[in-house]
Amino acid sequence: DEKTKYRDFFNNNEMVFYKNENDLSEKILKISRDEKLRRSIGRKGKEKYMKFFNSTLVAEFLISKTLNIKTKKKYFWHN
């Protein structure tokens with residue numbers, strides 16, 4: 001759903017976004033018929049997720065915030 005704000009991190013080549021149920025239905029039909037598109041979006045989305053949101057990065061961020069550890073590391077989702 002577009003309300004999730006994932007568009008702040010992913011583009012249309014990396015994730016499928018929808019506005020309402022009708023839009024979702026149309027996009028499900030379109031992507032289910034196009035294996036090349038489906039695989040491409042899945043691959044690109046996974047690559048970006050693994051690069052910027054993997055469990056190690058998230059754990060490092062949570063630990064540094066919880067224990068108030070100063071770090072120079074920049075996180076994709078945090079300014």
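The values are calculated or read from the model by the stated rules, or taken from the named source; none is laboratory data. For clarity, every value in this text was computed on a predicted model and none was experimentally measured. Every residue, glycine among them, receives a Cβ derived from its backbone with ideal geometry; neighbour counts consider all protein chains shown. All accessible areas refer to the heavy atoms of the entire protein, side chains included, with ligands and DNA or RNA removed. Shrake-Rupley method; radii C 1.70, N 1.55, O 1.52, S 1.80 Å.
Quick notes on this one:
- For segment 29-51, filtered to residues that are open to solvent by 60 Å² or more (accessible area, probe 1.4 Å) and closer than 18 Å to THR4 by Cα, the residue that is farthest from the chain's Cα centre (by Cα) is LYS46.
- Filter result for the condition that a residue is surrounded by 11 or more Cβ atoms within 10 Å (Cβ to Cβ) and part of a loop (DSSP other than H, G, I, E, B), over PHE17, PHE61: PHE17
- Taking every residue in segment 1-24 that is of a type in the set (S, T, N, Q) and pairing it with any residue that is surrounded by 11 or more Cβ atoms within 10 Å (Cβ to Cβ) and assigned to a helix (DSSP H, G or I), at least 6 positions away or on another chain, the pairs with Cβ-Cβ distances below 6 Å are ASN13/LYS44.
- Meets criteria (in a helix (DSSP H, G or I), β-branched (Val, Ile, Thr) and without any contact (Cβ under 8 Å) to a residue 60 or more places away in the chain) for THR56: yes
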